Amino acid sequence: MSAAPLLELRAVAKSFGGARALRGVDFTLQAGEVHALLGENGAGKSTLIKIVTGAHQPDAGTLAVGGERLSHLTPAKARALGIACIYQQPALFPDLTVAENIGLRLEAGTSLRTIDWAARGARALELLRRLGAEIEPDAEVRSLSMPEQQLVEIACALGAGARIVIMDEPTASLTQKEQHLLFTVVRDLRASGVGVIYISHRLEEIFALADRVTVLRDGESVGTHPVSSINEAGLIRLMVGREMTQIYPPGEATLGAPVLSLRGVGCTASGVHGVSLEVRAGEILGLAGLVGAGRTELARVLFGLTPADAGTIELNGEPVVLRSPQAAVAHGLAYVPEDRRRHGVVLEMPIAENMTMAVHRRMFPGAWLRFGAERSLALDYIRDLAVKCTGPDAAGGSLSGGNQQKVSLARWLATRPKVLILDEPTQGVDVGAKGEIHKIVRRLAQEGLAVLLISSDLPEVLGMSDRIGIMRGGTITAVLPGNADAPTVMSAALGQSEKGAA
Amino acid sequence: MSAPVQTSRWKAIVLRHETALLAVVVIEWLCFNAIGPRFGSLDNTFDILRHSVEIGLLALVMTPVILTGGIDLSVGSLLGLCAILFGKLWRDAGLSPLTAGGCTLVIGALAGGLNAGLITGLRLPPLIVTLGTYSLFRGLAEAITRGADTFTNFPASFLFLGQERWLGLPTQAWLFGAVAAGVWLLVHRTTFGRSFRAIGFSPEGARYAGLPVQRRLTLVYVLAGVIAALAAVIYTARLGQAKADAATGYELFAITAVVLGGTSIFGGVGTVHGTLLGVAAIAVLNNGLVHARQPREVAGMLTGALLLLALSGSVAPKLWAAWRARSRPSPPPTPSSTTS
C-alpha cells in the first residue's frame, strides 16, 4: 500500500444558496479498494461526487489525488487525472455505434483529423473483451440493454486509464444475473488497482462488494467502517440516527371517516400497481420511500395526470374515475407537486393569478375575471400563509423557494379540497419557511382535511404523520404507525427484513 | 408615498411596447401626410381601413393562438378555400349570400377543428400541423376551381358589405370592430384569456393547475378558422370576386402584425391592442408608400425592417441593463458569506 491514498478529501464543504449540502466531509479512497457511499436522499452523496468529478467547486476543504493537492478541479482535469463516473442512466449517443461512442470519449480528435476506423473498432473490441462483455463494436447503442450500455461506459473509463471509478446506483435497473456480471467487473477493476466509489441503496450489495463504507447524513460523514466490522442494523442506525433538530407541531388527531380509499389501484404506464390505502379526515398519512419508489407516480395517478387503469378509487365512499386533473379537482383532490418551478407555479405570472388558477370556475362565474375579488383572495392567502412578497402583482418567479411553495399551496387551498396531496413540500425550502409549512399542514389536518404527505425527509415524515405508508417498487409495502422510529421506517423503505411492526 | 408610485406607473406606460408602436404609427402618418397630398383625406383613411380588415381579422385571431405558444400558418389558405366554397354555395348551390356566408363560417370552424384535433389529439406541433393544412386548404381551393374558375357577379346587396359605407364607416369596419372588441374581451377579461397565457408560459404548469388545456387549444384554433371564414366573405365582397389564390401570404402578414404588436412568439406575453397597432403600422406604411409613389417592394423591405427594429428594441433595454450591471463594480461581499 502506497503512502498517499488515491483520493483524499479533507473537510470539504459546499453550500447552495442557504442550504449546506456538505459540511466538512473527510473521505479517502485507496487503490484497489471498493468504498461504498451510503446515505439517505439529500444526505450529500451527489454533491460529493460532483466535487470529485470537478462539476462543483468546494467552498472549503482540500482535495488530493495520489497525494497531489488540487486547487481548481474542472471536469476536463478530473478526466485527465483518471477519474470516471458511471451514472445510473448511461450518457451515450443512442444513434451511434459502440465503437463510435468509445472513440468520441477517448480519441483526442480535432475536426481535421481523419478517423482510423479499423483502429477504433479494434480498440473498442479490446476494451469490451477485457470486461468480458460480448458486445459487438458495430452495434448501435440504441439496441443495447441498460447493463450493456453501462459496460460500454465502464469500457470508456477503462480506456481512459481511469484510476478512480465512481458508480452511482449502477444496479438500480439491472436484473439479478446482470448484477452478478457487473460485480465481477467491479472485482476485476479492484484487482487491477483501480479505486471504486460505489453508491447504492441496496445494503446487501455493499456487504457483497465493498471493503469499506462511509455513511453520510445531513452533509456530514458519520463514520467510515470496514464492512467486516459492521452489520445492516448498524448501517441503518448510522443513516438515520440523528437528533430531532426541529420541533414538529403536535397532532392530536381526531380522525373522521375515511375520505380517500384506494383498492388495488395501478397504472401500467407509470409502474404503480396494487396500491390499497385509506386516508381519513383529519389524518396526515406520510408516504416514505426511496427516490423512484413510485410515490410521485402514485400522486400523479390520483390527480389524473396518468390515470389509473386498475383498481378502484373512492372519495367519501363513492367510487370515482379520475381521468384528468380537471376531474380530480372537481372531486376535491388537490396536488401540490414536487417540482414547483415547472408544475407548482407559473413563474412568469403574478402571485394573484397563480393563486386563482385552480378556481376559475368558482371565482369567475360566466368566465368574466373579477380583479377585485382575485386581489382580495390573494391578499388573504398572502397574510394567512405569511408569503413574503412585494404584493399580489409580483411574479411567481420573483419569490424564494419557500414562498413559491406557499403560493402553490394557496392555489390548492383556494379549491377547498377534501384531500390534499403534498409532494416534497419542503424540499429546497429554508428552515424558517419549512416550520411554517409544517404548521399550516397540521392546522389544515385539524380542520378536517385528509393529507397525503410524500417526503424524502425522514424526520419530516416521522414528525408530521399519523400513519406512515412505505412505498417500494411502485406499491405500498407496509403501513406503520405514526410513532414508528426512524430505523424501522428506513429498513422498510430499503426492503430489509425487520419491517412491519404495524 | 404616492408620488414615486405615480411616476413609475407613468414611466411604465411610456416605456410600454404599445406606446412606442403608437408613436411609430403617428410618425408614419405625419410623414406620409407631408409627402402625399391625398394621403390624409377621409377617403384614403377609409381605403386603408378596408384594405386592412382581412389581415386585421387574421391577426386578431392569431393573437390568442400565439399566446398559447402555438402558430397557425393555415389561415391564409383557409381564407382562399372559404372564398371558393362561399362562391360555390352561392352560385352553384343557389343559396342566398347570407345563408352561404353562414355555411362558410361553419366550414371555417370545421377546418379549425381539424387543426385543433391534430394538435391536441395527436400532440403534433402546431407549426407542422398548420404547415400541412396550409398546403391542404390551398390545394383544395385550386382543385375545386381547377385553377381557373372564378366567382363574380355577386348581387349589390352583398357587395355592400365590402364596398359601401354604413352609418358613415366602411361596412366591414363595423364587423371588424365587433370582432376586435370580442377578442379583446376574450383575451383580457375572461378566464379563457388567462388560460391561454398560462398555457403559453407553461403548458405543463397549466395542466398541473387543472386547466382544461386541450379544450382551450381547441377553442383558439376553431376561432381562427371561423374568423378566417368571415375574412373570406368580406374579402370576396370587397373585390367582388372569389379566386383560389385569394389572400396568398396573408398568414405571414398577420403573424408579422401580431409580433410587431408585442406578442412573444414563445407564448404567454401579448395584447390584442398591440396587435391592432401592429396591423395599423403595416397598413399605413403600405398605403403611404403607394401615395409616395414608391414601388411595392419597398413596402416589403420597410415592413421587415420595422419588425426587426421592434424586436431589437424590445430586447435592447434588457441588454443595456445587463451591460450596466456587468460594468458596475461588483458589490462588497456580504458579512454572511465570509463566515468560513
inquiry  = Compute the angle between helix B:97-116 and the longest alpha-carbon principal axis of chain B, please, reported from 0 to 90 degrees and rounded to the nearest 10.
reply    = 40 degrees
ask   = To the nearest 20 debye, what charge dipole does chain A have about its Cα centre, counting +1 at the Cβ of each Lys and Arg and -1 at the Cβ of each Asp and Glu?
value = 840 debye
remark   = Quick shape check on chain B: root eigenvalues a ≥ b ≥ c of the Cα gyration tensor, a/c under 1.5 is rounded, otherwise prolate if a/b tops b/c, else oblate, and it reads oblate
remark   = Rounded to one decimal in nm, the spacing of the 7 Å Cα→Cβ label points at A:Ala269 and B:Arg16 is 4.2 nm
ask   = Quick one: net charge of B:Leu161's neighbours, Cβ under 14 Å, K/R +1, D/E -1?
value = +1
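Evaluate the relative contact order of chain B (contact order divided by residue number), counting alpha-carbon pairs under 8 angstrom at least 6 apart; express in whole percent.
On the way: 492 pairs, mean separation 110.2, N = 340.
The value is 32 percent.
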message = To test your reading of the geometry: what angle, between 0 and 90 degrees and rounded to tens, separates the Cα axis of helix B:17-35 from the longest principal axis of chain B?
response = 60 degrees
ask   = How many percent of DSSP beta bridges within the stretch A:335-476 run antiparallel, rounded to 5?
value = 30 percent
remark   = Residue-ordered couplings for the stretch A:314-331, obtained by feeding phi - 60° into the Karplus form 6.51 cos²θ - 1.76 cosθ + 1.60 and rounding to whole Hz (Gly and Pro as x), are 10, 10, 6, x, 9, x, 10, 10, 10, 8, 8, x, 4, 5, 4, 5, 4, 8
key: Other protein chain Cβ atoms within 10 Å, averaged over every residue that makes up A:326-337   = 2
message = Could you tell me how many cubic angstrom of Cα convex hull volume chain A has per residue?
response = 176 Å³
note = Diffing the stretch B:76-86: the Karplus 3J(HN,Hα) column from phi (6.51, -1.76, 1.60, θ = phi - 60°), in whole Hz with x for Gly and Pro, holds x, 5, 5, 4, x, 4, 5, 4, 5, 5, 4
note = Cβ density ranking, 10 Å radius, fewest first, applied to A:Ser229, A:Ser261, A:Ser465, A:Ser221 yields A:Ser229, A:Ser261, A:Ser221, A:Ser465
note = Of all trypsin sites (Lys or Arg not before Pro) in the stretch A:255-352, the ones in DSSP coil with at most 11 other Cβ atoms within 10 Å are A:Arg323
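So for the stretch A:253-387, averaging the separation of alpha carbon pairs under 8 Å that are six or more residues apart and normalising by length, what relative contact order in percent results?
On the way: 177 pairs, mean separation 24.9, N = 135.
Dividing the mean separation by the residue count of the stretch A:253-387 yields 18 percent.
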inquiry  = Please report the antiparallel percentage of the DSSP beta bridges confined to the stretch A:258-494, to the nearest 5.
reply    = 55 percent
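Report the full-extension gain for the segment A:His225 to A:Thr62: residue separation times 0.36 nm, less the Cα-Cα distance, to one decimal in nm. Working shown, then result.
Values: separation 163, 0.36 × 163 = 58.68 nm, distance 2.18 nm.
Result for the pair: 56.5 nm of gain on full extension.
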task = Just subtract the alpha-carbon distance of A:Arg187 and A:Leu70 from 0.36 nm times their residue separation and send over the number in nm, one decimal.
result = 39.3 nm
message = Restricting to lysines 8 or more places apart or on different chains, can you count the pairs in the stretch A:258-494 with Cα atoms under 15 Å from each other?
response = 4
Nonlocal amide H pairs with A:Gly448, under 5 Å, H built at 1.01 Å = A:Gly282
task = May I ask which residue of A:Phe364, A:Met471, A:Ala414 lies farthest towards the positive end of the charge dipole of the stretch A:258-494, with charges of +1 (Lys, Arg) and -1 (Asp, Glu) on Cβ and the Cα centre as origin?
result = A:Phe364
Top positive-direction residue, dipole computed over chain A with Cβ charges, set A:Ile437, A:Ala486, A:Thr28 = A:Ile437
Cβ-placed point charges (K, R +1; D, E -1), dipole of the protein assembly as shown about Cα centre in debye, nearest 20 = 1960 debye
Fewest-first sequence of A:Lys418, A:Lys77, A:Lys45 by Cβ atoms within 10 Å of each Cβ = A:Lys77, A:Lys418, A:Lys45
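Charges only on Cβ, +1 for Lys and Arg, -1 for Asp and Glu: so what's the dipole of the stretch A:135-293 about the Cα centre, in debye to the nearest 20? Display every interim value, and only then the final one.
Details: 12 positive and 19 negative charges, 60 e Å.
Using only the charged Cβ atoms, the result is roughly 280 debye.
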inquiry  = I'd like the antiparallel share, as a percent to the nearest 5, of DSSP beta bridges with both residues in the protein assembly as shown.
reply    = 55 percent
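Give me Rg/Rg_expected for the stretch B:174-236, where Rg uses Cα atoms only and Rg_expected = 2.2 N^0.38 Å with N residues. Spell out each step's value before the answer.
Numbers: Rg = 13.7 Å, N = 63, 2.2 N^0.38 = 10.6 Å.
Cα-based Rg divided by the globular estimate yields 1.29.
May I ask you to derive the relative contact order of the stretch A:258-494, considering only C-alpha pairs under 8 Å and at least 6 residues apart, and to give it as an integer percent? Please list the in-between numbers first.
Working: 500 pairs, mean separation 68.8, N = 237.
Worked out over the stretch A:258-494, it gives 29 percent.
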task = Under 20 Å Cα to Cα from B:Lys88, which aspartates and glutamates show up? Leave out anything in the same chain fewer than 8 places away.
result = B:Glu142, B:Asp149, B:Asp245
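Using the count of nearby Cβ atoms within 10 Å as a rough guide to exposure, how do A:Met167, A:Met471 rank from fewest to most?
Numbers: A:Met167 29, A:Met471 26.
In increasing order of surrounding Cβ atoms, one gets A:Met471, A:Met167.
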message = Let me see the P(r) profile for the protein assembly as shown: every Cα-Cα distance counted, bins of 10 Å, each bin given as a percent of all pairs.
response = 2, 10, 16, 18, 18, 16, 11, 6, 2, 0, 0
remark   = Of the residues A:Val165, B:Val25, B:Ile234, the Cα lying farthest along the dipole of the protein assembly as shown towards its positive end, which is defined by charges on the beta carbon of Lys, Arg, Asp and Glu, belongs to B:Val25
note = The long-range amide H neighbours of B:Ser264, using H built 1.01 Å from N in the peptide plane and a cut-off of under 5 Å, are B:Val269, B:Gly270
Global size of the stretch A:78-153 as Cα Rg and Dmax, reported in angstrom = 12.3, 34
note = A student applying the Cα gyration tensor rule (rounded when a/c is under 1.5; otherwise prolate if a/b is larger than b/c, oblate if not) would label the stretch A:124-186 oblate
message = What do you get for the angle between helix B:42-67 and the principal long axis of chain B? Use alpha-carbon atoms, 0 to 90 degrees, nearest ten.
response = 60 degrees
request  = Using label points projected 7 Å from each Cα along Cα→Cβ, tell me how many nm separate A:Ala91 and A:Glu447, to one decimal.
outcome  = 4.5 nm
query = Among rounded, prolate and oblate, which fits the stretch B:210-274 when a ≥ b ≥ c are the square roots of the eigenvalues of its C-alpha gyration tensor, a/c under 1.5 means rounded, and a/b larger than b/c means prolate?
reply = oblate
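Throughout, read-outs are computed from the coordinates displayed, never taken from laboratory work. Nothing here was measured: the structure is a model prediction, and the numbers come from that model. Note: ideal-geometry Cβ built from the backbone for every residue, glycine included; neighbour counts use all protein chains shown.
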